[in-house]
Amino acid sequence: MKLSTQTSIVFPKPREEVFDFCTDDENTARTLRPLGPIAGVAKVEMHEGQILETGAHRTITMTDGVALVEEILEYTRPIRHQYRWVGGIKPPFAWLVRSGTGCWDFAEVSDGTRVTWSYVFELRSPLAYPLALPIIALFKRWMAQGLGAIAAEMVQQSTAAPQPPADQATAPDARPR
């Protein structure tokens, strides 16, 4: 039995820029923070010698210490990034869920780029359904929180005033006379 959830947001930015930001491992660890019992992402590491592409594997270390192994199912810039958990799920979540498949879809819209992040969870048993429902609802809130953090960081980056190079910076009272 499968259970799914999704959330989306529109970024007022070009699709390529949004895709690159959302799939950058450093940004993932910075923006996907914990929410209640749902751990955040602490670190993303590609397996030795691999780059982010279809067929690659990576380890996602969560803030609670769990290390999920993911297989990249599709990496089509700037359209789709899809992955599946292939190992590392720990109890109590592992008692309910056998696997999870995440997908980020990037679509051009009139006011920028719509990002739709979806997850499909394969439950261990139909008996897990009533227990999994509130957890998946919280997981959806975690996903929405992550997309909101990404949006806030992208806005912050675009509104940050450019700083002069260090060798050209001057203190306000150190003007030439």
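Laboratory data are not the source of any read-out in this text; all were calculated from the coordinates shown. Quick caveat, the model's predicted, so the values are computed rather than measured. No Cβ is skipped: glycine too gets one built from the backbone with ideal geometry, and neighbour counts run over all protein chains shown.
See the values below:
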{"read-out": "Residue exposure sequence - Ser8, Ser118 - by fewest surrounding Cβ within 10 Å", "value": "Ser8, Ser118"}
{"read-out": "Residue with peak Gaussian network fluctuation, the chain [Cα springs, cutoff 10 Å], from Phe106, Phe93, Phe21", "value": "Phe93"}
{"read-out": "Per-bin percent of Cα-Cα distances, the range 27-71 [5 Å]", "value": "5, 25, 26, 23, 13, 6, 2"}
{"read-out": "Proximal lysines relative to Lys2, as straight alpha-carbon distance under 19 Å, when same-chain residues fewer than 8 apart are discounted", "value": "Lys90, Lys140"}
{"read-out": "Radius, Kirkwood style, for the range 2-157 when every pair of distinct Cα atoms is counted (Å)", "value": "15.9"}
{"read-out": "Residue of Tyr83, Tyr129, Tyr119 that the Gaussian network model of the chain assigns the largest fluctuation, springs spanning Cα pairs under 10 Å", "value": "Tyr129"}
{"read-out": "Cα centroid of the range 4-34 to Cα centroid of the range 39-87, whole Å", "value": "14"}
{"read-out": "Order of Val18, Val66 - criterion: other Cβ atoms within 10 Å of each residue's Cβ, fewest first", "value": "Val66, Val18"}
{"read-out": "Sparse-neighbour loop sites [GluC sites (Glu not before Pro); the range 24-71; at most 16 other C-beta within 10 Å; DSSP]", "value": "Glu48, Glu53"}
{"read-out": "Per-residue Cβ neighbour rank within 10 angstrom, fewest leading, Leu35, Leu3, Leu127", "value": "Leu127, Leu35, Leu3"}
{"read-out": "Percent RCO, i.e. relative contact order, over the chain, from Cα pairs under 8 Å lying at least 6 residues apart", "value": "26"}
{"read-out": "Environment charge at Glu122 (Cβ cut-off 13 Å; Lys +1, Arg +1, Asp -1, Glu -1)", "value": "+4"}
{"read-out": "Max mean-square fluctuation residue, GNM over the chain, Cα-Cα springs under 10 Å, options Gly36, Gly55, Gly102", "value": "Gly36"}
{"read-out": "The range 1-77, relative contact order in percent, only Cα pairs under 8 angstrom and at least six apart counted", "value": "20"}
